[in-house]
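Remarks on the structure that follows.
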Amino acid sequence: MKLKSLVKAVLRPLVPRSWRTQIEIMGWPLWRRYFFFQRILGANSGVPWPVHWASTVSTPKWGRIEFNKTDQRFPGYMPGQYIQAMNGIVLGNNVLLGPGVKLISASHNLCDFDIHDPADPIVIGDNCWLGADAIVLPGVRLGNHVVVAAGSVVTKSFPESDILLAGVPARMIKKLGPYVGKTRRKPAS
């Protein structure tokens, strides 16, 4: 038995299943770097999945983020992302979030800046792609296979599927054909 296989066999039972899944998805060198910044140095240490050290994921006790944890596209994985889940965020399968994307599920109250206004959660359907520096504001719902152009600000819901959004505020630019790429499936419960 090779030394590498022996070490794997000995260490495997000691490593939590969630970490093993992350290592399989990301690869050992990248996972090790994320682990160092997140678990040793404490950047986003309260988040149970890998988050880039230059990103912020804010999930207070009453907020939640729901997504497929067997997918390599973890919220906050790319640099410069800001994910604020006070009112909740639900991401479908195969959702790509580019660098600098902001998902903001709660706005400050205009009469008392220490209070966040309640709103519906942000819901993003399957096979969606949010380009670099796109912003999605509270209560927005996006259908399946919605592409948001880089730098766009999505202020209202677009429940239709197979569309391209762009602009500030975002508007539908054109209809797209159906998504034909590989789609990751949610694990069986």
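Quick notes
- Residue exposure sequence - Ser55, Ser107 - by fewest surrounding Cβ within 10 Å: Ser107, Ser55
- Efficiency of FRET from Cβ geometry, Trp53 and Val180, R₀ 30 Å, rounded to 0.05: 0.30
- Summed over all non-identical Cα pairs, the Kirkwood treatment of the range 119-178 gives a radius of 11.0 Å.
- Dividing the summed helix terms, -39500 (n - 2.57) for each DSSP H run of n ≥ 4, by the number of residues in the chain produces a 222 nm estimate of -4000 deg cm²/dmol to the nearest 500.
- For the chain, the spread of Cα positions along each principal axis, largest first, Å: 60, 44, 30
- Extension gain, Thr21-Ser107: 0.36 nm per intervening residue step, less the Cα-Cα distance, totals 27.5 nm.
- Computed label-point distance, nm, for sites Ala150 and Asp120 using a 7 Å Cα→Cβ extension: 3.1
- Tensor-based shape of the range 65-158 (alpha-carbon gyration tensor, a/c under 1.5 rounded, otherwise prolate or oblate): prolate
- Remark on the range 42-82: Rg and Dmax equal 9.8, 25 Å (Cα only).
Every number here is computed from the coordinates shown, using simple stated rules; none is lab data. Model, not experiment: these values are computed from the prediction. Note that we place each Cβ from the backbone using ideal geometry, even for glycine, and neighbour counts take in every protein chain shown.
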